[in-house]
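Enquirer: Structure incoming, see below.
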Amino acid sequence: MSKIKILHMYADMLDLYGDSGNMEILKYRCSKRNIECIIDKYSIGDDMPYFPEYDMIYIGGGADLEQQHISSDLVKCRGGIKKAYKNGSFLFLICGGYQLMGKYYRDADGNEIKGLGLFDYFTVAPSSRKKRCIGNIVVNTEITGNPVKVVGFENHGGQTQGVKTPFGSVLYGNGNCSKSDAEGYFEKNVIATYLHGPMLAKNPEISDYMISYCINRRSDTHIKLTKLNDKLEKDCRRVMLERLLNK
Amino acid sequence: MKKLLILLGKIIIKVLHLFHRNAGNLPGIILWHLSKQRCCSIFKVDCPIIAVTGTNGKTSVTNCIAQLFEKSGKKVIINREGNNLDTGICSLLLRHCDMSGNVKADYLILETDESHVPVVYSQMRLETLVVLNFFRDQLDRNGEMETLIKKINSFCRAFDGNLVLNGDDPNTARLGLANPKNERKIRYFNAERYKFATDKTFEASEGHFCPFCSEPLEYEYYQYSHIGKFICKKCGFGDYEPYITASNIDLEKPVFTANRHEYSPKLNSIYNIYNMTAVAAVGKLYRIKPEIIEDVISNYTVNNGRMENFMLGDRKTTLNLAKNPVGANMTLRVMNEMNGDKELLFVLNDNVADGLDVSWIWDINFSIFERVTRVVTSGTRAYDIAVRIKCSGYDPSKITVCPDLDEAVAELARTEGRKFVIANYTAVQPTRQALKRYSENGGKNNE
């Protein structure tokens, strides 16, 4: 039986918009295929984990206050996370998790939170708190080799700039910056995005991309995932695409 | 200028009534634009104002407080329909004022939206503010929790009236420390541990940290969500003298004791106990006769989709509003605590008033389902809730998606057994209508 080990960081604090649902979805899709999915949690005050033993490291989004709380702790994890990433662990990052992996995050009051600097992008929040990017969003991504229209919900003040390899192009909504063309950040073992919803709810292809990556990352042979019945998920997405794109 | 605005407002109400339109909010919106956004400043109110705010329970508590005074023979003005923004309150006062803007009553009892407390009561003098709880609710509309609490906190810093606070919610209890000069007018209500309280929280929640020194808060017990007995070991936040405490809580009867009186409310949920304790606190504060307080608390029930019962043919059906995970988790608990098989209809909308973001449904813990034999989903986001329930491990072949409400109700009624219906904010009234249509036509409207 294949096995995936995930480290869910700061689950108790960065769980503002149902982002923990992504973990439930990955676990569900693994269990349907007899893939063992172990999800460990790490938060402030816990013993430092050995990051490279994990196939995936997951960080969700939170409110500004929680984000400030965890940022100094996250800095302590920098070495471990960087090593895991270089060794091929998958980084799955939502909203705040996405921002904090860049160079820095400057909040609405001008305070700068240092990021881990794993990637070159940086994020600046507009001085007015009212100018948030909020709403449904549709992103076209080709990470799986085929175009997939990913539907989610964005809710962020921060404007992320300096992304060279985005997750996808925006068909509806804002993306990295207000009214921008690109959304998120992507490498073969990194998906960083503003999408809540949670992100994986209506987008089973993205879940499977990550599961497939994780179970195959150490082996020479390629294990193909068995197909699941995704009718509900696809109907759910179809309804939203019809509503958002056929205006 | 003020008189002109009032005249205009009254004319708008008349016109709306002529066309049989609801004047609950529109007159206020028009005056809001004409009064430089200070539409509540045009009235002259001499009587005390009592405001009720918080995420859950505002409507119930506001209505009960109004009854305390009405049954004491006082004239009360209240926004019963829950038009609780500045524009709604303006529309209410327009209907009740004379041509000079004088509002004549003994008390104004106003349900007030959390984000509008500073707006409204910078324009009218507030005597008492009751704050029930703060949960994540419609985050895309209200902005983040912390931003909202900060707004109310800065209002409380300059507020010298009575503050009645839920002492078991760190988000509301912290308001009691906003204005140290006002210490003697701060009253906390709380509740002792009840049977289903837990040592850990299993629901996504707020309030992990002490707002004063950032230490993690320690809980002796959680009643539900983040409501419970908490303390900050470092600075002592949470150590206060309660004004009134609900004790001997037994939800099976249901019964509880507060201020040396035993009360038997009609609704058997822990959050109703908190709401009624808030009502008892206001009763005590205003020296309402004990028998009147008891009368109000023991007779209060609701017919607006809050644990409301219907018969679908011979099938007993209970509808409950759930506009956030806390409300939904509570309904699931009530459902589970009931014996036997049952079926669930979940109606989920994503209209503006609901919050466009439905990701909160992933904070509902569906894995606790016990003997739920079938699920029907409906609403503008019928598929989202279906996917969510499926991914909790529930057998998808037992889920039926019917976006159309009448079809959904007919589908629910098709089989025998006990039924539960959960509907979110804008879904609750259409769902009531659909349930009524079905029970009146005996299910013939859809065959």
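Enquirer: Using a 10 Å cut-off on Cβ atoms, rank the peptides B:399-410, B:83-94, A:69-80, A:214-225 from the highest mean neighbour count down.
Expert: Descending packing order for the listed peptides: B:83-94, B:399-410, A:69-80, A:214-225.
Enquirer: Between their Cα atoms, which of B:Lys44/B:Lys71; B:Lys266/B:Lys323; B:Lys10/B:Lys74; B:Lys74/B:Lys229; A:Lys27/A:Lys82; A:Lys3/A:Lys83 are more than 30 Å away from each other?
Expert: Among B:Lys44/B:Lys71; B:Lys266/B:Lys323; B:Lys10/B:Lys74; B:Lys74/B:Lys229; A:Lys27/A:Lys82; A:Lys3/A:Lys83, the Cα-Cα distance tops 30 Å for B:Lys74/B:Lys229.
Enquirer: Compute the length gained on full extension between B:Lys36 and B:Lys104: take 0.36 nm times their separation in residues and subtract their Cα-Cα distance, giving the result in nm to one decimal.
Expert: 22.0 nm
Enquirer: How well do other chains shield peptide A:17-28, expressed as the mean number of their Cβ atoms within 10 Å of each residue Cβ?
Expert: 5
Enquirer: Listed highest first by mean packing, meaning other Cβ atoms within 10 Å per residue, what order do B:280-292, A:138-150 come in?
Expert: For the peptides B:280-292, A:138-150, the packing ranking is B:280-292, A:138-150.
Enquirer: For the range B:127-299, what's the relative contact order in percent, using C-alpha pairs closer than 8 Å and at least 6 residues apart?
Expert: 18
Enquirer: Right, something else. Rounding to the nearest 20 debye, state how big the charge dipole of the range A:52-175 is about its Cα centre with +1 on each Lys and Arg Cβ and -1 on each Asp and Glu Cβ.
Expert: The dipole magnitude comes to about 260 debye.
Enquirer: Using a Gaussian network for chain A with springs between C-alpha atoms less than 10 Å apart, which of these wobbles most: A:Ala63, A:Ala182, A:Ala84?
Expert: Comparing A:Ala63, A:Ala182, A:Ala84 in the GNM, the peak value goes to A:Ala63.
Enquirer: Just tell me how shielded A:60-66 is by partners: mean number of partner chain Cβ atoms within 10 Å of each residue's Cβ, no decimals.
Expert: Mean partner shielding for this stretch: 4.
Enquirer: How far is it, in nm, from the label point at B:Leu8 to the one at B:Glu337 when both lie 7 Å from their Cα along the line to the Cβ?
Expert: 5.2
Enquirer: Please report, in whole Å, how far the alpha carbons of the range B:127-299 spread along each principal axis, starting with the longest.
Expert: Sorted from largest, the Cα extents of the range B:127-299 read 41, 37, 34 Å.
Enquirer: Quick one: among B:Asn22, B:Asn179, B:Asn365, which has the greatest mean-square fluctuation in a GNM of chain B with alpha-carbon springs under 10 angstrom?
Expert: Result: B:Asn22 has the largest fluctuation of those listed.
Enquirer: Please give, to one decimal in nm, the separation of the simple spin-label points placed at A:Ser219 and B:Ser397, each 7 Å out from Cα toward the Cβ.
Expert: 2.9
Enquirer: What fraction of the Cα pairs in the range B:243-317, stated in percent, has a spacing above 20 angstrom?
Expert: 33
Enquirer: Something else: Mind sorting B:Lys419, A:Lys179, B:Lys234, A:Lys27 by how few other Cβ atoms lie within 10 Å of their own Cβ, fewest first?
Expert: Ordered by Cβ neighbours within 10 Å, fewest first: A:Lys179, B:Lys234, A:Lys27, B:Lys419.
Enquirer: Right, next: Just list whichever of B:Lys2/B:Lys36; A:Lys188/A:Lys227; A:Lys227/B:Lys390; A:Lys224/B:Lys398 have alpha carbons separated by over 20 Å in the model shown.
Expert: Where the Cα-Cα span goes over 20 Å, the pairs concerned are A:Lys188/A:Lys227; A:Lys224/B:Lys398.
Enquirer: Once you've got the GNM for chain A with C-alpha springs shorter than 10 Å, pick whichever of A:Lys82, A:Lys32, A:Lys202 has the biggest mean-square fluctuation.
Expert: Of A:Lys82, A:Lys32, A:Lys202, the Gaussian network model singles out A:Lys32 as fluctuating most.
Enquirer: Nothing charged except the Cβ atoms of Lys and Arg (+1) and of Asp and Glu (-1): what's the magnitude of the dipole of the protein assembly as shown about its Cα centre? Round to the nearest 20 debye.
Expert: 1340
Enquirer: Among the aspartates and glutamates, which have Cα under 13 Å from the Cα of B:Lys181 when same-chain residues fewer than 8 positions away are ignored?
Expert: Here the aspartates and glutamates satisfying the reach criterion relative to B:Lys181 are B:Asp160.
Enquirer: Magnitude of the Cβ-charge dipole of the range B:362-413, K/R +1 and D/E -1, about the Cα centre, nearest 20 debye?
Expert: 220
Only the coordinates and a few stated rules stand behind these numbers; no lab work does. Values in this document were obtained by computation on a predicted structure and should not be read as measured data. Neighbour counts are summed over all protein chains in view; Cβ atoms, including those assigned to glycine, are modelled from backbone coordinates with ideal geometry.
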